[in-house]
Amino acid sequence: MSTLRKQHLIDPEICIRCYSCEAACPKHAIEHNDVNVVVDAASCNFCMDCIPVCPTGSIDNWRALAQPYSLQAQYAWTELPARDESADAGPAVEALDEQVAALLDAAHQGAGGRARAPLSAAKPTINLYTLAKPAEAVVQGNYRLTAPGSDSDVRHIILDFGAQPMPVLEGQSIGIIPPGLGAGGKPLVPRLYSVSSPRDGERPNFNNLSLTVKREPNGVASNYLCDLGKGSKVRVTGPFGATFLLPGDVNAAILMVCTGTGAAPFRGFTMRRQRENPALKDRLMLVFGARTPDYLPYFGPLAKIPETFLKKLFAFSRLAGQPRQYVQDRLKADAGQVAAVLRDPTGHIYICGKRAMEQGVEEAFAGIASAAGLNWPAVKTAMRETGRYHVETY
Ligand code: FAD
């Protein structure tokens, strides 16, 4: 019998083509073409450097195989091939599984880990437009969201797709291809931006969507986007993302935790619920962190949403004369309401924003759960397995 070898694979259905894994791989074992991101079995040394940087968990796929899948085969996939249960079993495979699990545990510390879509979520369309065949959108508007005095320039950008279908669900992202060429004359890699409008359009039943983009110092794509005028044309890939999705169950309890542009998907979530069930009460809660209200995108419109529809808990870290408060502090201050979501079988948690927030938020949940007599690792595992715990940080 030929020797089995564990092969690391990327799930093309879940991968959002952010190319973070490719940038993180010290062995250059990960590469992409216009469609898929793939792993070269001959070069991958299972160092796991690519695992924590993946925002979706599409990177967490392993097969025990006698003959590894070639790069060419992986490039042709639209989904992972089914497991060969007979080959993927037995003591040799179990030993390999244990090795990979131990490495994964170490790599996942503080990261989002494996993700599943909410059971009731609509089925997303993914990868409709690729690097080889991008969509062309037209900028309908580009407005500054943060206060003029703040040194953070965050913009609301509306893109119109005209007659090209762009079926996006709340929580999905699209890729923006910056113009020009990068190092070695290669096309620039697209950057991902969460869609901040609901599925039926920024304007209901128009084929448009919005993005919430923060200008990064010397950032290629963010400066390109933030400077675009009305009527400019933009090349778009995607949509991407098959797990960070809104549950279809309108009565699901949803706790959203964000900083900065992490608010983008939650604007989409909230607008979807406003349009489909404006009478909804006490099912949505948003914990939003920023330096001051001047730094908080959508602060004005958010303030107008009734508290019964969307409970808002702001955490400001630089308010004059006030102690610094971060999202994890706000979660702890409202521990009773947070524990109610952890206990609720329809409770969903979404975390989006800066990667640095993950650890503090996770620790806050652990502390809140423990004070409420819940076992956080068990609660989190159960929530994750039923698509009710989601992290998207970048
Ligand atoms: P880049 O050109 O990629 O540079 C990034 C930073 O690195 C810049 O600050 C730049 O100054 C610095 N840098 C670049 N090269 C060097 C160098 N050689 N040495 C030192 N420093 C360097 N962003 C949003 O604003 N809104 C969103 O809704 C959003 N959603 C996202 C969703 C997902 C799933 C992911 C993965 C990311 C998301 N992002 C979002 C982040 C976004 O994709 C980009 O990473 C971000 O806009 C920066 O891209 P850029 O091209 O402007 O910067």
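The values are calculated or read from the model by the stated rules, or taken from the named source; none is laboratory data. Keep in mind that this is a model prediction, so the values were computed, not measured. Ideal geometry is used to build each Cβ from the backbone, glycine not excepted, and the neighbour counts take in all protein chains shown. When the accessible area is computed, the model is the full protein with side chains, heavy atoms only, and any ligands, DNA or RNA have been set aside. Shrake-Rupley method; radii C 1.70, N 1.55, O 1.52, S 1.80 Å.
Within a straight-line Cα-Cα reach of under 18 Å, Lys230 can be paired with the following aspartates and glutamates, leaving aside sequence neighbours fewer than 8 residues apart in one chain: Glu136, Asp153, Asp160, Glu202. Charged neighbours of Arg291, selected by a Cβ distance under 10 Å, balance to 0 (K, R count +1; D, E count -1).
Ellipsoid fit via the Cα gyration tensor, the range 258-394: semi-axes of 22, 20, 14 Å, each the root of five times an eigenvalue, largest first.
Full extension of the segment from Ala371 to Asp49, taken as 0.36 nm per residue of separation minus the current Cα-Cα distance, would add 112.5 nm. Each principal axis of the Cα atoms in the chain has its own extent, and those three values, largest first, are 68, 55, 38 angstrom.
Rounded to whole numbers, the Karplus 3J(HN,Hα) couplings from phi for the range 201-212 are x, 4, 9, x, 6, 10, 8, 10, 8, 10, 10, 10 Hz, using 6.51 cos²θ - 1.76 cosθ + 1.60 with θ = phi - 60°, and x at Gly and Pro.
The residues of the chain expose on average 44 square angstrom of accessible surface per residue, using a 1.4 Å probe on protein heavy atoms.
Modelled this way, with points 7 Å down the Cα-to-C-beta line, the labels at Ser120 and Ala333 are 3.1 nm from one another.
For the range 170-252, the alpha carbon positions stretch 50, 28, 22 Å along the principal axes, listed from largest to smallest. Of the trypsin sites (Lys or Arg not before Pro) found in the range 244-286, those in coil by DSSP whose Cβ has at most 15 other Cβ atoms within 10 Å are Lys281. Using equal-weight Cα scatterers in the Debye expression, the normalised intensity of the range 10-58 in log10 at q = 0.17, 0.26, 0.31 Å⁻¹ is -0.42, -1.01, -1.39. Helices of the chain meeting both criteria, an alpha-carbon length of 18 angstrom or more along the long axis and an average Kyte-Doolittle score not below -1.0, with helices taken as full DSSP H segments, are 91-107, 357-371.
With the simple model of a label 7 Å out from the Cα in the direction of the Cβ, Ala183 to His28 spans 1.0 nm. Projecting label points 7 angstrom from Cα along Cα→Cβ for Asp11 and Leu71 puts them 2.5 nm apart. Each residue of the range 218-226 is assigned a 3J(HN,Hα), and the resulting list reads 6, x, 5, 6, 5, 5, 4, 5, 5 Hz, derived from the Karplus form 6.51 cos²θ - 1.76 cosθ + 1.60 (θ = phi - 60°), x at Gly and Pro. Note on Lys380: lysines with a C-alpha under 30 Å away, same-chain residues under 8 apart excluded, are Lys6, Lys123, Lys281, Lys311, Lys312, Lys332, Lys354. Between Lys354 and Thr3, the FRET efficiency from the beta-carbon distance, with R0 = 45 Å, is close to 0.55.
Applying the criteria of a DSSP loop state and at most 15 other Cβ atoms within 10 Å to the trypsin sites (Lys or Arg not before Pro) of the range 4-50 yields Lys27. Please report, as a whole percent, how much of the solvent-accessible surface of the chain comes from carbon and sulfur atoms (probe radius 1.4 Å). Roughly 54 percent, rounded to a whole number. Only helices enter this figure: runs of n ≥ 4 DSSP H residues, each worth -39500 (n - 2.57), summed and divided by the residues of the chain, yield -7000 deg cm²/dmol at 222 nm to the nearest 500.
Could you pull out which residues in the range 203-236 have an amide N less than 13 Å from a spot 7 Å beyond the Cα of Asp151, following the Cα-Cβ vector? Of the residues in the range 203-236, 217 have backbone N under 13 Å from the label point off Asp151. The Thr78 and Ala320 beta-carbon pair, evaluated with R₀ = 41 Å, returns a calculated FRET efficiency of approximately 0.15.
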